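Taken together, the values in this text are just the output of simple stated rules run on the coordinates, not laboratory data. Here the structure is a predicted model, which means the values were calculated and not measured. A quick note on method: Cβ atoms are made from the backbone with ideal geometry, for glycine too, and the neighbour counts reach across all protein chains shown.
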């Protein structure tokens, strides 16, 4: 595997492969485990993730890389093999979440700022030694038009932090995934999502240029342009695709090799259908693929439910979802394929 940033970034989005976001914090994974009645212990968390990483067909054919959490990148499988080595053996690239989460932005109620720049250079050097070749930093942009959220300061602060993080990653030989997530939780329309996403991405690329980030060695992980959950509106995949691509063509430089969408709370098939619709209206100057967490994991989590006897079932569920999203990244998915499984 080449160590050039551009080559790693290209490999992360090539051939319809996408990213498995397995970087849930200890608090988040506990919530997921509570739903299936599994205690969130270090061993259970390891066993669950090991189950996915050992799903050979999924990992070698459909998953280009795995975003890990600090605990996971240091863990060994039940047989003593480092989890990072299992990921690499499948031909997938290990990555790491490096931000320390979103905190309230002082002076701006309703806005947040993602923290974690202090000591990041040293942490990146450590993660590189542990095998990480890409990283992820998530900025959170909420929408509440009645309260003036997001503020211009929130967008400026978060995109500046993303650019500083990205520059540090590239200095360390690590490809940065820049994730400016405009949340889909609000009551806003698809057009409001478009405007806020546009303002965020315009500012983001200004900041990345200013920080001398090599765009060819970076990946964008954005939200799709979609109505807020509380708006009561369900957009068609075609409308989401049309507005999302219109936005990207206006503001995302063609130098960026790939865009890996977050699922942002979409249901499994919804996230797949929307990604497929986006790819169906190509060709595009960038590869458009997935970097899904819950939309790849909800089904295998339920199938596994903490039982060793269910590992094969969990792996089959994971492989199916990975396969469906792989097809969507090529614009070749159709609903009938879900029934066939």
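At-a-glance table
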| read-out | value |
| --- | --- |
| Cα-based shape type of the stretch 290-332, given that a ≥ b ≥ c are square roots of the gyration tensor eigenvalues and the cut on a/c is 1.5 | prolate |
| Gyration tensor verdict on the chain (Cα atoms; rounded if a/c is under 1.5, prolate if a/b is larger than b/c, oblate otherwise) | rounded |
| Distance between modelled label sites at residue 103 and residue 307, nm, 7 Å Cα→Cβ extension | 4.4 nm |
| Theoretical ellipticity at 222 nm over the chain - DSSP helices of four or more residues, -39500 (n - 2.57) apiece, nearest 500 | -14500 deg cm²/dmol |
| Difference of contour (0.36 nm per residue) and Cα-Cα distance, residue 236 to residue 255 | 3.9 nm |
| Most fluctuating residue given options 283, 176, 82, as computed from a GNM of the chain linking Cα atoms under 10 Å | 283 |
| Most fluctuating residue given options 217, 15, 146, as computed from a GNM of the chain linking Cα atoms under 10 Å | 146 |
| Of 73, 281, 96, the one that fluctuates the most in a GNM where the chain has Cα springs shorter than 10 Å | 281 |
| Fraction of beta bridges assigned by DSSP in the stretch 95-212 that are antiparallel (%, nearest 5) | 25 percent |
| Rel. contact order, % - alpha carbon contacts under 8 angstrom, at least six apart, the chain | 19 percent |
| Relative contact order for the stretch 116-217, counting Cα pairs under 8 Å that sit 6 or more residues apart, in percent | 35 percent |
| Centre separation in Å (Cα based) which lies between the stretch 102-116 and the stretch 131-188 | 12 Å |
| Nitroxide proxy distance, nm - points 7 Å out along Cα→Cβ at residue 4 and residue 77 | 3.2 nm |
| Ascending count of other beta-carbon atoms within 10 Å, so fewest first, for 154, 309, 189 | 309, 189, 154 |
| Beta bridge orientation in the chain: antiparallel %, DSSP, nearest 5 | 15 percent |
